[in-house]
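Presented below is the structure to which this report refers.
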């Protein structure tokens, strides 16, 4: 079954719908997405290694949970759903910021949420190959050199540092 996303204008107003494939091959189709950054009680950041089955960035490390809003779905609801679908957990989420992600293959209006959870995690193997906590200096180094991480993680991590006041 084909997956559809809401297409939005510069003010994040819904103006239409397009398939996942269309959105991921036409960067002018702006759609909505979420990134969730989960920290443990020691302040380490949980990252996920994307499944090799994913259409974009298979095998690369990214935010704790990521995904697209369903048709008509709000950002917080999408973040909560993705967290449960990908990691098998629920936790209180805090809104951090909004920004527009533009890559060669897609454009998304993104909202970042943060939360705290020490596990256990139950990764969905269709979505996630591995999860691992990283100390902040290691996560920062990964984002700075950009190797083995998604472009979205690099930008979302920068936004996290900017809006959280962490350096």
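Here, each number is a calculation from the coordinates, and none is a lab measurement. Note that this is a predicted model, so its numbers are computed, not measured. Counting neighbours? That spans all protein chains shown, and the Cβs are built from the backbone with ideal geometry, glycine included.
DSSP beta bridges confined to the chain are antiparallel in about 70 percent of cases.
Roughly what angle does helix 136-145 make with the longest principal axis of the chain, taking Cα atoms, 0 to 90 degrees, to the nearest 10? In the chain, helix 136-145 runs at an angle near 50 degrees to the longest axis. Taking the average, over residues, of other Cβ atoms within 10 Å as the packing measure, peptides 132-143, 152-163 rank 152-163, 132-143 from highest down. Compute the angle between helix 75-87 and the longest alpha-carbon principal axis of the chain, please, reported from 0 to 90 degrees and rounded to the nearest 10. Roughly 60 degrees between the two axes.
Helix 151-164 axis versus longest C-alpha principal axis of the chain: approximately 60°, rounded to the nearest ten. Working ranking of peptides 91-104, 25-38 by packing, defined as the average number of other Cβ atoms within 10 Å per residue, highest first, is 25-38, 91-104. Computed from label points 7 Å out along Cα-Cβ, the spacing between residue 141 and residue 54 is 2.2 nm.
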